[in-house]
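The values are calculated or read from the model by the stated rules, or taken from the named source; none is laboratory data. Just so it is clear, the model here is predicted, and its values are computed rather than measured. Reconstructed Cβ throughout: ideal geometry from the backbone, glycine too, with neighbour counts over all protein chains shown. When the accessible area is computed, the model is the full protein with side chains, heavy atoms only, and any ligands, DNA or RNA have been set aside. Shrake-Rupley method; radii C 1.70, N 1.55, O 1.52, S 1.80 Å.
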Amino acid sequence: MAEQTSGTPRVAVRRPNRADARRNFDALLGAAREVFAESGTSASLEEIARRAGVGIGTLYRNFPTRQDLFDTVYLGEVEELCQAADEVADLPPWDGFVVWLRRFVDYVATKRAIYESLNRDSETFRSCRVAMYGAGEPLFDRAQAAGEARTDVSFDDVLRMISGLTATGFTDEAQRDRVLGIALDGVRRRPAG
């Protein structure tokens, strides 16, 4: 499940080849993210199929077990997080890192919803962590090299801080943005004087 892209390990969800099957697969993943975020891991698989606009048989054909669905949702989130790093690579260093970190906050919300159901000892889980760090750390390093991020802080420090801040959830998007802004103020390097 891990791929090598420009020296950085990446992960990828194995999607069906046929276009219609791929659409159903992606619709199921999107619906599963929403439903798990709303109702947790005990959410109804029938509700996921309904929201995806497919029958329950299509869900089971793609994801024979609930665990398969959890793992694929998680893998899909990490895949998108890695793709987001590629998409922001041409932005100014601080801006690119902040845009990616906002996407990381979304990832944390999905991970929190299914965390207890993930096999954290699996090779897939370890590969996902390596891929996520491989995608985001160069953005942070670039912000540090540009003098825009503190050099006494590590990428791991920032991810742990953001993960901790987002662990409880927020009353709304505005509160989430304010809290993230406060945290980023602590990471951003201020000019002397």
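Would you mind finding the one in Asp185, Asp95, Asp90, Asp177 that is assigned to a loop (DSSP other than H, G, I, E, B), without any contact (Cβ under 8 Å) to a residue 12 or more places away in the chain and over 22 Å from Gly76 (Cα atoms)?
Values: Asp185 fails: assigned to a loop (DSSP other than H, G, I, E, B); Asp95 fails: assigned to a loop (DSSP other than H, G, I, E, B); Asp177 fails: assigned to a loop (DSSP other than H, G, I, E, B).
None of the other options fit; the residue is Asp90.
In the stretch 152-178, how many residues are under 17 Å from Asp95 (Cα atoms) and either touching a helix residue (DSSP H, G or I) at 6+ places or on another chain (Cβ under 6 Å) or not charged (D, E, K, R) (or both)? Lay out the reasoning, then the answer.
Going residue by residue through the stretch 152-178, those that are under 17 Å from Asp95 (Cα atoms) are 155, 158-159, 162, 177-178.
Subset that is either touching a helix residue (DSSP H, G or I) at 6+ places or on another chain (Cβ under 6 Å) or not charged (D, E, K, R) (or both): 155, 158-159, 162.
Going through the stretch 152-178 one residue at a time, the tally reaches 4.
If the requirement is being open to solvent by 80 Å² or more (accessible area, probe 1.4 Å) and at pLDDT 85 or above, which of these qualifies: Ala135, Ala145? Before the answer, list the steps.
Numbers: Ala135 fails: open to solvent by 80 Å² or more (accessible area, probe 1.4 Å).
Going through Ala135, Ala145 in turn, the sole match is Ala145.
Take the stretch 94-112 and flag every residue that is open to solvent by less than 30 Å² (accessible area, probe 1.4 Å) and not hydroxyl-bearing (Ser, Thr, Tyr).
First, the residues of the stretch 94-112 that are open to solvent by less than 30 Å² (accessible area, probe 1.4 Å): 94, 96-98, 100-101, 104-105, 107-108, 110.
Trp94, Gly96, Phe97, Val98, Trp100, Leu101, Phe104, Val105, Val108, listed by residue number.
Yes/no matrix, rows are residues, columns are (1) β-branched (Val, Ile, Thr); (2) over 14 Å from the mean Cα position of the chain (by Cα); (3) at pLDDT below 90; (4) on the phi > 0 side of the Ramachandran plot:
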position: Val11; (1), (2), (3), (4): yes, no, yes, no
position: Gly30; (1), (2), (3), (4): no, no, no, no
position: Phe36; (1), (2), (3), (4): no, yes, yes, no
position: Ala49; (1), (2), (3), (4): no, yes, no, no
position: Ile56; (1), (2), (3), (4): yes, yes, no, no
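Considering the stretch 152-174 alone, what residues qualify as being of a type outside the set (Gly, Ala, Ser), closer than 20 Å to Ala113 by Cα, without any contact (Cβ under 8 Å) to a residue 60 or more places away in the chain and not in a loop (DSSP other than H, G, I, E, B)? Outline the logic, then answer.
Just the residues of the stretch 152-174 that are of a type outside the set (Gly, Ala, Ser), to begin with: 152-153, 155-162, 165-166, 168, 170-173.
Retained after the next criterion (residues that are closer than 20 Å to Ala113 by Cα): 159-162, 165-166, 168, 170-173.
From the residues that got through so far, the ones that are without any contact (Cβ under 8 Å) to a residue 60 or more places away in the chain too are 159-161, 165, 168, 170-173.
Once the filter is applied, which keeps residues that are of a type outside the set (Gly, Ala, Ser), closer than 20 Å to Ala113 by Cα, without any contact (Cβ under 8 Å) to a residue 60 or more places away in the chain and not in a loop (DSSP other than H, G, I, E, B), the stretch 152-174 yields Leu159, Arg160, Met161, Leu165, Glu173.
Which residue out of Phe125, Phe140, Phe155 is at pLDDT 95 or above, in contact with an Asp or Glu (Cβ under 9 Å, 6 or more places away or on another chain) and open to solvent by less than 40 Å² (accessible area, probe 1.4 Å)?
Details: Phe125 fails: at pLDDT 95 or above; Phe140 fails: in contact with an Asp or Glu (Cβ under 9 Å, 6 or more places away or on another chain).
Phe155 is the lone residue from the list that is at pLDDT 95 or above, in contact with an Asp or Glu (Cβ under 9 Å, 6 or more places away or on another chain) and open to solvent by less than 40 Å² (accessible area, probe 1.4 Å).
Given the conditions (1) of a type outside the set (A, V, I, L, M, F, W, C); (2) closer than 30 Å to Thr72 by Cβ; (3) surrounded by 12 or more Cβ atoms within 10 Å (Cβ to Cβ), and given that Gly169 satisfies all but one, which numbered condition is not satisfied?
Result: Gly169 passes all but (3).
Any idea which residue in the stretch 37-68 is farthest from Gly136 (Cα to Cα), counting only those that are open to solvent by less than 30 Å² (accessible area, probe 1.4 Å), part of a helix (DSSP H, G or I) and touching a Ser or Thr at 6+ places or on another chain (Cβ under 9 Å)?
The first filter runs over the stretch 37-68 and keeps only residues open to solvent by less than 30 Å² (accessible area, probe 1.4 Å), leaving 40, 43, 45, 48-49, 52, 54, 58-59, 63.
Then keep just the ones that are part of a helix (DSSP H, G or I); that gives 45, 48-49, 52, 58-59.
Subsequent filtering for residues that are touching a Ser or Thr at 6+ places or on another chain (Cβ under 9 Å) retains 49, 52.
Working: Ala49: 33, Ala52: 30 Å.
For the stretch 37-68, the residue satisfying everything is Ala49.
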